[in-house]
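The structure appears right after this line, and notes come after that.
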Amino acid sequence: GITYPAKADRVRHQPKVSLLFSEPKGSGVAQPPTILVLGHGSVRSADLQANTDRFIRGSIAKNPEANRSMTPRLVARLGWYFVRLYVRVTPLDIYWWPAGQLDAPPQHWHADAFTPPPSDPAPTGQSPAPWSAQPGDWHRHATYAARHLGLPVVTSLNEHGYPIATRAVALRQTPEGFTIELPKGALAPPTSQACLTFHIHSETFESQENMTFVGMATAEGQTMQFRVARRLGNWSLRGGGLRAAWDFLSKGRILRKRLAQEAARYGQAVPVVRLPPARTP
């Protein structure tokens, strides 16, 4: 979102990125592969109106149940959420495990020729301050995540500086953080600064809950010790229904005031936030 642009700012600074496809819930795909993409990220921000229209179309197509109650009047008030920055990822290496069988080594594709596309021009002025309060002591949150948020994804850097993301197969909390068991076919580097992300969502994505910890990871074989330094802020919509709606709208009260300021930093007008014509009564 343009009102919380930290990911885009980081990609401009360090374009080595990865994508992990490992959670098929809601996809309708039987026995999907697990796919890890390493690539070059470039920020697309030159046309905020086109980005906004694209994101609304994609949201409705991908999550129709979660967006069924959207009306033109409601959507028009949600620019703080729907006005978007895109990160284009040009694949350099793709690893995939057929049918999600992570005990075997992955198959691999590599791009022989590569010309990194540049990001669109960066905005002027100072990036906005963090919009949410920094979480407190991480220990209590780690206990909750381990009990309620399923198996996490651990991400650490390989020797070339690309983030390698792997979904754990077992987890145990320790006084320093977590002991993580990795699948036999994992690519995770042995020692690195690392990130541990817990995420669950409903089948129709009407609710989601996330929790992320950063620290240092060391591995021996398939066992990784993750030492937590701190927990990051997150975006969660808990419980679905009225509770999720309240979580969502409460974020808007904080972020709405940033919309015009951030569009101005790009030298653009605030986009018109609208449903696609087929959805407009």
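The values are calculated or read from the model by the stated rules, or taken from the named source; none is laboratory data. None of these values were measured; they are calculated from a predicted model. Using ideal geometry, Cβ is built from the backbone for each residue, glycine included, and neighbour counts are taken over all protein chains shown. For the accessible areas, the whole protein counts, side chains as well, though only heavy atoms, and no ligand, DNA or RNA atoms are used. Shrake-Rupley method; radii C 1.70, N 1.55, O 1.52, S 1.80 Å.
Quick notes on this structure:
- Here the ratio of the Cα radius of gyration of the stretch 151-268 to 2.2 N^0.38 Å is 1.32.
- From phi via Karplus (6.51, -1.76, 1.60), per-residue ³J(HN,Hα) for the stretch 160-167 in Hz, x at Gly/Pro: 9, x, 8, x, 9, 9, 9, 7
- For Cα Rg over 2.2 N^0.38 Å, calculated from these coordinates, the label among (1) 1.35; (2) 1.05; (3) 0.98: (2)
- Note that the stretch 102-108 has calculated 3J(HN,Hα) couplings of 8, 7, 10, x, x, 7, 9 Hz, one per residue in order, obtained from phi through the Karplus relation 6.51 cos²θ - 1.76 cosθ + 1.60 (θ = phi - 60°); glycine and proline are x.
- Those trypsin sites (Lys or Arg not before Pro) in the stretch 117-206 that DSSP places in a loop and that have at most 15 other beta carbons within 10 Å: 184
- Entry note, the chain: the mean residue ellipticity at 222 nm calculated from DSSP H runs of n ≥ 4, each adding -39500 (n - 2.57), is -6500 deg cm²/dmol after division by the residues and rounding to the nearest 500.
- Here the 3J(HN,Hα) profile of the stretch 181-188, calculated from phi with Karplus coefficients 6.51, -1.76 and 1.60 at θ = phi - 60°, is 9, 9, x, 4, x, 5, 9, 4 Hz, Gly and Pro shown as x.
- Calculated P(r) of the stretch 209-260 - Cα pairs past 12 Å, %: 74
- Potential extension, residue 113-residue 101 segment - 0.36 nm per residue separation minus Cα distance: 1.4 nm
- Legend: Rg and Dmax of the stretch 178-246, from Cα coordinates, 15.3, 45 Å.
- Between 0 and 90 degrees, the angle of helix 241-255 with respect to the longest Cα principal axis of the chain falls at about 70 degrees.
- Once the gyration tensor of the Cα atoms in the stretch 67-137 is diagonalised, the equivalent ellipsoid follows with semi-axes of 35, 22, 19 Å, ordered largest first.
- Relative contact order (%) - the chain, alpha-carbon pairs under 8 angstrom, separation at least six: 22
- Solvent exposure, largest accessible area first (probe 1.4 Å, DNA, RNA and ligands not counted), of 230, 68: 68, 230
- Rounded Å value of the spacing that divides the Cα centres of the stretch 94-170 and the stretch 190-211: 9
- Three-way shape label, the stretch 1-159, alpha-carbon gyration tensor, a/c 1.5: rounded
- Our summary of shape: the Cα atoms of the stretch 8-68 have principal axis extents of 37, 29, 12 Å, ordered from largest down, in whole angstrom.
- Residues of type aspartates and glutamates that residue 257 reaches as a straight line, Cα spacing below 13 Å, ignoring anything fewer than 8 places off in the same chain: none
- Taking 0.36 nm per residue of sequence separation and removing the Cα-Cα distance, the residue 29/residue 129 pair yields an extension gain of 32.0 nm.
- Sequence-distant contacts, meaning Cα pairs under 8 Å at least 6 residues apart, place the relative contact order of the stretch 154-241 at 27 percent.
- Straight-distance candidates among the aspartates and glutamates for linking to residue 16, with alpha-carbon spacing under 14 Å and chain neighbours fewer than 8 residues away dropped: 93, 159.
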